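Asks: Shown below is the structure under consideration.
The values are calculated or read from the model by the stated rules, or taken from the named source; none is laboratory data. The structure displayed is predicted, hence computed values, not measured ones. All Cβ positions, glycine included, derive from the backbone under ideal geometry; neighbour counts span all protein chains shown.
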Amino acid sequence: MFRFNRYPWSFWRLVIQTASFALLVITPLLNFYLEFDFIQGWYQSISIGDLWFVSPLEGLERILVTRDLYGPLVVGMVLPILVALLLGRVFCGWICPINYLSELSDRLRHSVTGKKEIRDRWILPRWLLWWALVGELLVTMVVGAPVFVFLSPPGLVGRELMRVVFFHTIAVEALVVVAVLLMNLLTRRFYCRYFCPLGGLLSLLARRRHLQVVINPTSCKHCGRCDAACPLALEPQNGGGEYSQCLNCGACVDACPQESLTFLWGGKTKQ
Amino acid sequence: MAEINPRRAFLKGMLVSLSLLPATASARQRYSTPLTTNRLRPPGAVSEEHFVGNCIRCGRCVEVCPYRCIRPLDLRAGVNAGTPMIDVEQIPCYLCMKCVDVCPTGALRKVSQEQTRMGVAVVDIYSCVSWQEKILCRTCYSVCPFMDRAIKLEQFKPVIDERFCTGCGLCTHACPISQEAGSGKAINIEPIYARTFALPETEVSARTGDI
């Protein structure tokens, strides 16, 4: 019998991330060569038939700049916002192509250098993420044009893949993706931790989320493996799974030898 | 009743009032438009001063266009980077109206083929061979999707009726005359509606037939 529990969370995450990334590659190919436009777009706006998704931050910027609500836009933002409200930053942990490429590069580095532990060289305060969101929205309002929409690394990956398929070129903006990935050498997920405005908005929505990683303090032996496994260094053994920045990626759950860490539906969130 | 946190209430109030600022505050043209002769926005585009704010650069119009005439601008376009653009000299718009249907943010609004106003065709009578009475060329007249309405022949010379011209650029694309100095043909599309986006007053009467 197929047992769901037999595989670690990292396996399922890899499956979903690979599928999400494959979507970014296959969609332009289908659109370009077969003119199959049933599935369209990337993680700025995606449509599957008449089901449309719009990235919440892009939509928010558009609303702030134009001071105008547009029905289809608002409806497209509802589902991503609901997911973030209930499940937290699962987009970052399970779908975002930047996180996927970062994890792939981690695996690559691990297999090349053989080093398991990756040191975080720069630890900055976590609240920088909020300021990234606030600053980005303010810049958007000052400039009078959505800023993140064009330079958002999660969206850029999709746009550049489309550009490769459609126009057989790549634009200078792709350097942003390279820069973000290089930042991982400094600190794991340096951009995702402190500077991603989309991550900031999803964290803000995730403050009262239902799905959480919780620790059972009685069975925890404080071995510190979860702390080393957490890509955001949230220290799950001290209850870091309750931080709203948590990606719900499940790396700490996999790392725990005592099975003290579990996903729990309906937890409480630390402010 | 729960106690009201004054700081939180203040911040919430500020956020709400920020988003309710009158729309006129942003209704100014701050940036130079990338639109020039023969370089146009897709059909149904809101006016150029709002386009930069409305478009989230999701590129779905680019992906859906079956003729590949819509291209995204790149970083060199500054704040317009990522917005869609049609160069009718390369590939004109065939008015399939697919891009209008997929735009999620209302940067391209629903519009019918006849009501599309991407620009208006202008004949350069000094380089047009029919106007110069060199040869009888009626290429633009033949390719026009609104033949005998948008482009008419008057004494074998093409004449544009701006009440019907959608600015699709099929005529520009087909025109055999290339300007010697720089780009352009003998018939070019000028994006004159990019600033106002309102059908001309006469359009209403023109569509119903009584002029």
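Asks: Give the number of residues within the stretch A:199-237 that are hydrophobic (A, V, I, L, M, F, W, C) and touching a Phe, Trp or Tyr at 6+ places or on another chain (Cβ under 7 Å).
Replies: Start the filter on the stretch A:199-237 by keeping residues that are hydrophobic (A, V, I, L, M, F, W, C), which leaves A:201-202, A:204-206, A:211, A:213-215, A:220, A:223, A:226, A:228-230, A:232-234.
Remaining after also requiring touching a Phe, Trp or Tyr at 6+ places or on another chain (Cβ under 7 Å): A:202, A:211, A:213, A:234.
Looking only at that region, the number is 4.
Asks: Let me ask another. Which condition number does B:LYS134 fail, the rest of (1) out of contact with any helix residue (DSSP H, G or I) (no Cβ under 9 Å at 6 or more places or on another chain); (2) closer than 30 Å to A:MET77 by Cα being met?
Replies: With (1) out of contact with any helix residue (DSSP H, G or I) (no Cβ under 9 Å at 6 or more places or on another chain); (2) closer than 30 Å to A:MET77 by Cα applied to B:LYS134, the lone miss is (2).
Asks: Continuing with the same structure: With of a type outside the set (Lys, Arg) and not in a loop (DSSP other than H, G, I, E, B) as the only criterion, which of A:SER219, A:SER203 stands out? Steps first, answer last, please.
Replies: Values: A:SER219 fails: not in a loop (DSSP other than H, G, I, E, B).
A:SER203 is the lone residue from the list that is of a type outside the set (Lys, Arg) and not in a loop (DSSP other than H, G, I, E, B).
Asks: For the stretch B:1-28, give me the residue count where each residue is more than 10 Å from every other protein chain (Cβ to nearest Cβ) and either at pLDDT below 65 or within 16 Å of B:ARG195 (Cβ to Cβ) (or both).
Replies: 2
Asks: From the list A:ALA233, A:ALA171, exactly one residue is touching an Asp or Glu at 6+ places or on another chain (Cβ under 7 Å), free of Cβ contacts under 8 Å to residues at least 60 places away in the same chain and either closer than 29 Å to A:TRP42 by Cα or surrounded by 16 or more Cβ atoms within 10 Å (Cβ to Cβ) (or both). Which is it? Walk me through how you get there before you give the answer.
Replies: On the way: A:ALA233 fails: free of Cβ contacts under 8 Å to residues at least 60 places away in the same chain.
Just a single option satisfies the conditions, and that option is A:ALA171.
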